[in-house]
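The structure appears below as structure tokens.
Rule-based calculations on the coordinates, nothing more; no lab input. Bear in mind the structure is a predicted one, so any value in this text is a computation, not a measurement. Glycine also receives a Cβ, built like all others from the backbone with ideal geometry; neighbour counts cover every protein chain displayed.
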């Protein structure tokens, strides 16, 4: 693979808001949901944002299309040779970008207006953006989109309440793709679905990516799902990216202690791979009350004084041919001490 | 283990819900046993009846439902108590509920009253059921407090002397979950029913709760019925597993057999469709279709509409009954030898 | 192939029973109607109220007499029961009443009425009576029912001036039944605008609106009414007083209540996933209000509105009863009940309480309908 230029280039994105209290709305603290996050997404790839609650992964995703207004940073979106900063756009230009960067939401029950038929739901973005002019045209397009997500076009006159969760997510995907976007931001698209349905949707997303050369930003808390879906993975903790690399690097050579903890904590559906689980490894601190220095220091088994005082920057580890960035003062020591996924095969 | 008498025996349990279309079976002729000091995992998707089964053991079903058939035998201190065919507020049920069999739920916030400290709420159960006789009022108070602190310490609370006086909203999610488990253990039950206790938790917390429950099981010699939709969690914690689908028992096996020698096509399909963080990266093979509505059950085997191994004229005509194919391994599938009713097939 | 199986199974599941299919293709408003129709009491109440409104609309035709016509010979005459069996014990196919005779106790001056069994008066439909203008412009003299001979028949008795109580109740319904409606709609639409702006825009407007409604709802209403009753000019016509009372009632009760609920609902709807999705589609504010907020909020609001009407009717009745609302010669159920303020009435003419029965039944009917609508709007109740 030769040099690929990124289609999305996020630089120093931050999202902070004040926590207010009472009648006079006095500020009692500041919540930093996203803190100085930078990453790029290459055309045609899937970048996964992984983290637990409070990691800021969802906020980051939403900031890219300004569903939430970030407080600082740049989001450069490239179309052909020109590139725009999404965060600096006026309403009209923003809507143009939003046609090309679309979202799939987590909850297919909440993201579809219960008062619209499937036809209306899927045709809505087409009408708004003047892609179709009359109903006949719209219906033809809706039918095509429904077939694309493997639903019977005859069902288009029904309302969403008659569909199961998986079918609704298909409708939501059809709606998202109706404007032929380049980038899809998928926010936990399968976590509200039954186990037996998840794989259907994951495979569908992959298939559509292949057919339409889509670029995905895949937001998830589930490393197992991410392993099947993504080319590169960014691990987030309390608003910051702590590690970012290719999928294989993250799974085979996790450098950050938090990545290692996540891997060691994820259950494996194989009783022969049972691991010794530590019973007390703490939990994610309140985002309004972030620890100083490295935010992970309160839970990190290796933490030293520097971890408590100095925020580690995301740096190239230089350990492999592929880019592998990690934000840890001690990663070299840590790397030697723990290899979570290898240790567990030891029986 | 097999030599022991089961602690709990559920025989042909059926639970119906009344709806406008008539009675709907949420649980249909389910049988299983729970042995002393064992973790039985109950896996199923939404609509499988896994939660309803556990609610009927404690006789706390919602008002619109009732036990239509079957028996539940609970062996306790040398006597056997039948729980299914007596009034839900009768003496035997009340002597068991919350004391000998207790339950913890998915959402720890709603299990606690926001108006009382967690110490008060846990202490109440101790004061009611677990005090040596002949204590004065002040001695009782001290004893309850001491036992509560011990209990909180046993579930891994770092500073139980302080946390005992906090209100539920003051605790973090993880601490709340621990407090909930402590409340479930207050009366030293012989069976703990845990209904999706880790589903609402982040993965690093989930891992800690699994470790905690595993330790408590061996320390307190209690049995656990662990209900979840997550096969990974099941593999980590269960000794034996009951797989349910649309109210029916599909397969019961030891956890090793279930993952390494699954017999039911549903179990096999579930495992194939599940992403995992370890092992080979094959494409996921999803289970096609959606879970049918309980109001509109398929004829024959419940899984027949989605089964890749369906035999037409058999599976869609007759409903297979569960048979024991090896010691401790029960399957309800004609392909594994469930008896075909006389004159049943078309050929 | 995967696609084919999915399609086949969907079709199979969808069409397995006709009833299931019917539900599957139903629109939310159809389902709303089905759920409502299942609520028997609400449906009966709806029919009853519809009949009451028809009655009030065609009051001149339904009422046997002009509500102001004084029959001085029949002051405080009791209701006349309808008979089917005549004095000889024979069954009559045509129902009849007996004419009233009165006797005066010479010592006390007290009048007692009794039925004159020698004078049966057969009843009929569409009989001629007092002339009136049908719908306000067609001169007519046919009434829904009455005695065929044109003799006096008072189904619910006469009041202290000898006016027909039933006719007065029918005419009173005009005001009592519409006041609730108009009040609630005036209040609701002002609340909709105010609450809508507050909910969508937030900020200082929201802050001020909420503070004002808090103040409004904390003012004790009775003293305010007293003050307003004095403040309303004495020379206003019935219609002017009526409108003023309506608007005042609406302002205090409904506007503040509705603007708060509308605001809350808009604020929560704004956060719904599908509204955010629409914003990302590029939909403008107008479109979002029209296609996303309104449809999802009306089904809830309609139940609230229905339940607000009884409050308005009660308030009018109470105000008029106290002499603070409408005054005679206007006729409303509250005005009719003013006659009951005298204790003597209890003893001599208990039928003068009958307007209160109408008030109670109408209010119950509104409440039942409100319950039915609320259940129907509940997304968690099943079809």
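Expressed as a whole percent, how much of the Cα-Cα distance distribution for chain A exceeds 37 Å? Pairs farther apart than 37 Å: 23 percent. The mean of 1/r over all pairs of different alpha-carbon atoms in region A:1-121, once inverted, gives a Kirkwood hydrodynamic radius of 16.6 Å. Peptides B:135-144, C:305-314 ranked from most to least packed, by the mean per-residue count of other Cβ atoms within 10 Å: C:305-314, B:135-144. Placing a label point 7 Å from the Cα of residue A:274 along the Cα-to-Cβ direction, the residues of region B:11-43 with a backbone N closer than 11 Å are B:39. Taking 7 Å steps out from each Cα toward its Cβ at residue C:251 and residue C:181 produces label points 2.5 nm apart.
For the pair region C:124-139 and region C:214-284, the centres of their Cα atoms are 40 angstrom apart.
At 20 °C and 1.002 mPa s, what whole-number value in µm²/s does Stokes-Einstein give for the translational diffusion of region B:204-347, with Rh from the Kirkwood sum over Cα pairs?
Working: Rh = 16.9 Å.
In µm²/s, the coefficient is 127.
Separation of region C:70-97 from region C:156-196 is 31 Å, based on Cα centroids.
Mind running the shape call on region C:68-148? Use the C-alpha gyration tensor, a ≥ b ≥ c as the square roots of the eigenvalues: rounded below 1.5 for a/c, prolate if a/b tops b/c, oblate otherwise. Write out the running numbers ahead of the final one.
Details: a/c = 3.84, a/b = 1.26, b/c = 3.05.
Oblate is the answer for region C:68-148, as a/c is 1.5 or above yet b/c matches or exceeds a/b.
Dividing the mean sequence gap of close Cα pairs (under 8 Å, 6+ apart) by how many residues chain A holds gives a relative contact order of 19 percent. Counting Cβ atoms of other protein chains within 10 Å of each Cβ in C:279-288 and taking the mean gives 6.
Rounded to two decimals, what is the ratio between the C-alpha radius of gyration of chain C and 2.2 N^0.38 Å? If you can, show how the numbers build up before the last one.
Working: Rg = 27.4 Å, N = 383, 2.2 N^0.38 = 21.1 Å.
With N residues counted in chain C, Rg over 2.2 N^0.38 Å equals 1.30.
Looking at region C:39-87, the pairs of alpha carbons with a distance over 12 Å make up 77% of the total. In the frame of its principal axes, region C:162-234 has Cα extents of 61, 26, 20 Å, reported largest first. Per-residue shielding of B:288-298, expressed as the average number of other chain Cβ atoms within 10 Å of the residue Cβ, stands at 6.
The ellipsoid that matches the Cα gyration tensor of region B:119-271 has semi-axes, each √(5λ) in whole angstrom, of 36, 17, 12, with the longest given first.
Give the Kirkwood hydrodynamic radius (Å, one decimal) of region B:8-248, defined as one over the mean of 1/r across all pairs of different Cα atoms. Don't skip to the answer; put the middle values down first.
Values: mean 1/r = 0.0537 Å⁻¹.
So the Kirkwood estimate lands at 18.6 Å.
What the Cα atoms of region C:116-173 give is an Rg and a Dmax of 12.7, 41 Å. Fewest neighbouring Cβ atoms within 10 Å first, the residues B:310, A:168 line up as B:310, A:168.
In the P(r) worked out for region B:262-335, what percent of Cα pairs fall beyond 21 Å? That fraction is 36 percent.
Spacing of the modelled spin labels on residue A:88 and residue A:43, each 7 Å from Cα toward Cβ, amounts to 2.2 nm. Mean partner shielding of peptide B:232-240, defined as the number of other chain Cβ atoms within 10 Å of each residue Cβ, is 4. Take every Cα pair under 8 Å whose residues are at least 6 apart in sequence, average their separation, divide by the length of region C:168-377, and the relative contact order is 31 percent. Helix A:91-100 and the longest principal axis of the C-alpha atoms of chain A enclose an angle of approximately 90°. Taking a point 7 Å out from the Cα of residue B:261 in the direction of its Cβ, none of the residues of region A:259-299 has a backbone N less than 14 Å from it. A protection proxy built from the mean count of other Cβ atoms within 10 Å ranks the segments B:154-165, C:266-277, most packed first, as C:266-277, B:154-165.
Between helix C:354-377 and chain C there is an angle of about 20 degrees, using the helix long axis and the longest principal axis of the Cα atoms.
If I model the protein assembly as shown as equal point scatterers sitting on the Cα atoms and use the Debye formula, what is log10 I(q)/I(0) at q = 0.05, 0.08, 0.10 Å⁻¹? Normalising to I(0) and taking log10 leaves -0.46, -1.00, -1.32.
Protection proxy ranking of B:296-305, C:130-139, C:327-336, by the mean of other Cβ atoms within 10 Å over each peptide's residues and highest first, is C:327-336, B:296-305, C:130-139.
Remark: spin-label model distance residue A:311-residue A:79 equals 3.3 nm, labels positioned 7 Å along the Cα→Cβ axis.
Values of log10 I(q)/I(0) for region C:168-377 across q = 0.12, 0.16, 0.17, 0.19 Å⁻¹ run -0.71, -1.06, -1.14, -1.30, by the Debye formula with one identical scatterer at each alpha carbon and no solvent.
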